[in-house]
Each structure stands twice: as C-alpha cells, then as structure tokens.
Amino acid sequence: MKTHNSAHTFTSQKGTVVTIGTFDGLHLGHRKIINRINESARANGWESCVLTFFPHPRMVLQKDTSLKLINTIAEREQLLESLDLDHLVIHPFTLDFSRYHAETFVEEILVNSLNAKKVIIGYDHRFGRNRNANIEDLKLFGKTLGFEVEEISKQELEDVAISSTKVRKALVSGNVALANSYLSAPFMLNGVVVKGKSLGRTIGYPTANLEIAEDYKLIPAQGVYVAKAIINGKPVYGMMNIGTNPTVGGKKQTIETYFFDFDEDLYGQQLEIQLLERIREEKTFDTIDELVAAMKTDEAFSRKFIASLEESNSQNA
Ligand SMILES: Cc1cc2nc3c(=O)[nH]c(=O)nc-3n(C[C@H](O)[C@H](O)[C@H](O)COP(=O)(O)O)c2cc1C
Ligand SMILES: Nc1ncnc2c1ncn2[C@@H]1O[C@H](COP(=O)(O)OP(=O)(O)O)[C@@H](O)[C@H]1O
C-alpha cells in the first residue's frame, strides 16, 4: 500500500476503484467494503484506493473537541496496511476544502487526481460544499466524466455505522473484550514512555507511563486491564491502569503499564499497547499495602488470562 498525504500528489495511470470514508476502527464491516474495492480493482486491472480525510471534518467544521476516534490517523494507516489495498489517500480537510463545490471535488480530486473508474459509496453519501450533492448527482457526474458508481446498501451501511458506535460505546464503558470482538485487531494505544512519579519502582511495580499525543484519541474507561505490547520484536504481556492514582493523591489521568517478567528501561520508547481484558475499576485504597495487595491479585488474574489465551492460540495454530 502506498500512502499519499494529498490527492494532489497522486495520480493513477491504470485507474482506481475508490471508496471514501473515515473507517474508524477498521472493524469487520469496514473490511467488507475494502474487500469489495480490492476485488473490483483486481477484476478490472485497476488499483484500489481509500480516500480519507484528516482532520476529521467535524474537528474542522464544528471545532468539536469532544469527538474521539478509535484510531489515530497513524493507526488507521497501519491497520489499512494489513489489507491488500493499493493506495491510501489522506487528503487534508481544511476550511478551504470544505468550500469545494461538488463538481470541483469530483473533477479535481476523483477524476483528475485519482483517475477514478468506479466509486463504491454509501447510498446516503453527501459531498461538496454544505454537503449539497448526493449519490444521484455523483452518478450523473460519472456519466459525463466516465466513472461508474456502485451503491452500498442501507443495510450494509447501517451494519458499519452501528459497529463503529458500538465499539466506541464498549470502550467508553471499559468493555474492551466486546470492542475487540467487533474490531479486526485488539484495541490499541500508541504513545511514548515518559517519566512518572517514580513510585512504581518503590512498591515493586515499575510502570511505563504512556503519553498519547493525539487529543482526539478515544481512551477507554478508567480501570485496570490486561495488556500486550511488542517490545524489541518480542511479545510482552502486562497489566495497565488508566486512572488518576487516587491512592497516592494523583489528579491527572495517566496510562501506566507494568510488564511481566521484564526489566528494561523504556523511557523515550514509542510503544503500541493492546488492551485485551478489563480486570476492575480503579479504587482509592487506604494504604499503599492494600494497593500492592490489589495489584498482586490483578497480576494473578492477568497471568491466568494470558495462559488461557496462549493455550487457545496454540490450539488454533
Ligand atoms: C495494574 C495496576 C493497577 C493499579 N490500580 C490502582 C488503583 O486501583 N488505585 C490507585 O490509586 N492506583 C492504582 N495503580 C496506580 C499506582 O498507584 C501507580 O502505579 C503508582 O502510583 C506508581 O506511579 P508512577 O508510575 O508514576 O511512579 C495501579 C497501577 C497498576 C499498574
Ligand atoms: N517490568 C517493567 N514494567 C514497566 N516498566 C519497567 C519495567 N521494568 C523496568 N521498567 C522501567 O521503569 C520505568 C518505570 O519506573 P517507575 O518507578 O514506575 O517510574 P515512573 O514514575 O517513571 O513510571 C519504566 O518507564 C521503564 O523504563
């Protein structure tokens, strides 16, 4: 897959089959649509292309800071990479771009840049300035400009929209197992390991504090989770706490992970941590000893969970 950071810097000689969307989470419904553009491209000697916008239009038009996405743009790219897609175009969504008339968008982006031969799009897709144009307009443009339009049915689209919302709801309530069952890969957090209060080490549980740069990234409900990362090429399991550490008088929310059977300096490292299962809520303990005892119980739970996971993985292998 080739990524292009603007439609203006990409043109396809062979022609493309395009779909347009946010594809947040890249769940099973999204995968079906991407398979569809891949199959159509292969059958016709074209290239498959996802056209996505960044920032999300709502972030630009509504200054909607409450908007949270399951994936950052880098994660979206990484997940799409695992599919057989030929091109990902991440076009900058600016105020200026939002004022493009439908016709300009179709001519300049879809036809001149992407060389679209077919556009596979939801029945209710709207585009162009003030979202004035609909799929019927797109079909008319296609007739004069030489591309086909294939409609994704209401049912198929509802399945997709429902599952993105479902994933977000599950994460916000801490149900990562349910979220993961909709997604094609476990929910992940990406960030860099920063210094904390250096208390972890003194209680026998050093924790890597993850700092996430993207303020639009959805962070699951506070609480304790079983986690997994790949560190220096090796899988490492651990337990993560998302919370304010009230027992030690913390105020700011942190995301910290203790990795099992691991003893390396992680400061400054970029980590991708997957969340596998929720263990419990974050609690305010009266003493550090009680916190440590709870963490011991969390560890026992996590290790059991990981053992059964590895066992079922080896049975499926
Ligand atoms: C698995 C796990 C569970 C935790 N549970 C709680 C909790 O329930 N309540 C709490 O106040 N802090 C909890 N913590 C946070 C500890 O208070 C924190 O790791 C400690 O303050 C060390 O902070 P530092 O990494 O900034 O040094 C938990 C941490 C981990 C790794
Ligand atoms: N098993 C481990 N799990 C997590 N971090 C570890 C582990 N072993 C060593 N470390 C290192 O220790 C650091 C955390 O130590 P800690 O005392 O909790 O300080 P901080 O307040 O910076 O989190 C991590 O950022 C990492 O560099």
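When residues in the range 246-279 are screened for being at positive phi and modelled with pLDDT of 95 or more, 2 of them pass.
Against the list (1) within 30 Å of V224 (Cα to Cα); (2) in contact (Cβ under 8 Å) with a residue 24 or more places away in the chain, the condition K169 fails is (2).
Can you tell me which residue is nearest to L218 (Cα to Cα) among those in the range 140-172 that are β-branched (V, I, T) and touching a Gly at 6+ places or on another chain (Cβ under 7 Å)? By that ranking, first place goes to V167. Scanning the range 57-83 for residues that are at pLDDT below 95, surrounded by 14 or more Cβ atoms within 10 Å (Cβ to Cβ) and in contact with a helix residue (DSSP H, G or I) (Cβ under 6 Å, 6 or more places away or on another chain), we see that the one that is farthest from I34 (Cα to Cα) is L67. Among the residues of the range 101-136, write down those that are loosely packed, with under 14 Cβ neighbours inside 10 Å and of a type in the set (V, I, T). Selection gives T104 alone.
K304 fulfils the conditions (1) basic (K, R); (2) within 16 Å of ligand 2 (Cβ to nearest atom); (3) in a helix (DSSP H, G or I) except for a single criterion, (2). If you check A7, A74, A43, A102, which single one turns out to be without any contact (Cβ under 8 Å) to a residue 12 or more places away in the chain and either outside the structural domain of N190 (by TED's automatic domain parsing) or in contact with a strand residue (DSSP E or B) (Cβ under 9 Å, 6 or more places away or on another chain) (or both)? Residue meeting the stated conditions: A43. Is it fair to say I273 is in the same structural domain as I231 (by TED's automatic domain parsing), surrounded by 11 or more Cβ atoms within 10 Å (Cβ to Cβ) and closer than 19 Å to Q253 by Cβ? So I273 fits the description; yes.
Residue by residue through the range 101-110, note down the ones that are within 16 Å of T52 (Cα to Cα) and of a type outside the set (D, E).
Once the filter is applied, which keeps residues that are within 16 Å of T52 (Cα to Cα) and of a type outside the set (D, E), the range 101-110 yields F105, V106, I109, L110.
Go through the range 84-99 and give me each residue that's out of contact with any strand residue (DSSP E or B) (no Cβ under 6 Å at 6 or more places or on another chain) and either of a type in the set (D, E) or not assigned by TED's automatic domain parsing to the domain that holds I34 (or both).
Passing the criteria: D84, D96.
Among the residues making up the range 1-37, those that are part of a helix (DSSP H, G or I) and within 29 Å of L218 (Cα to Cα) are A7, L28, G29, H30, R31, K32, I33, I34, N35, R36, I37.
Take E256 and tell me if it is among the acidic types (D, E), in contact with a strand residue (DSSP E or B) (Cβ under 7 Å, 6 or more places away or on another chain), surrounded by 18 or more Cβ atoms within 10 Å (Cβ to Cβ) and touching a residue at least 60 places away in the same chain (Cβ under 8 Å).
Details: among the acidic types (D, E): yes; in contact with a strand residue (DSSP E or B) (Cβ under 7 Å, 6 or more places away or on another chain): yes; surrounded by 18 or more Cβ atoms within 10 Å (Cβ to Cβ): yes; touching a residue at least 60 places away in the same chain (Cβ under 8 Å): yes.
When the stated conditions are applied, E256 passes them.
Does I37 satisfy being at pLDDT 95 or above and among the β-branched types (V, I, T)? Taking the combined requirement at face value, the residue satisfies it. Within the range 215-253, the residues that satisfy the criterion of being among the polar types (S, T, N, Q), surrounded by 13 or more Cβ atoms within 10 Å (Cβ to Cβ) and out of contact with any Lys or Arg (no Cβ under 9 Å at 6 or more places or on another chain) are Q222, N241. Comparison of Y205, Y216 shows that the only residue that is in contact (Cβ under 8 Å) with a residue 24 or more places away in the chain and over 27 Å from D263 (Cα atoms) is Y216.
Any residue at all in the range 172-195 that's without any contact (Cβ under 8 Å) to a residue 40 or more places away in the chain and in contact with a strand residue (DSSP E or B) (Cβ under 6 Å, 6 or more places away or on another chain)? There is no residue in the range 172-195 that is without any contact (Cβ under 8 Å) to a residue 40 or more places away in the chain and in contact with a strand residue (DSSP E or B) (Cβ under 6 Å, 6 or more places away or on another chain).
The values are calculated or read from the model by the stated rules, or taken from the named source; none is laboratory data. What you see is a predicted model, and the numbers here were worked out from it, not measured in a lab. Every residue, glycine as well, gets a Cβ built from its backbone with ideal geometry; the counts of neighbours run over all protein chains shown.
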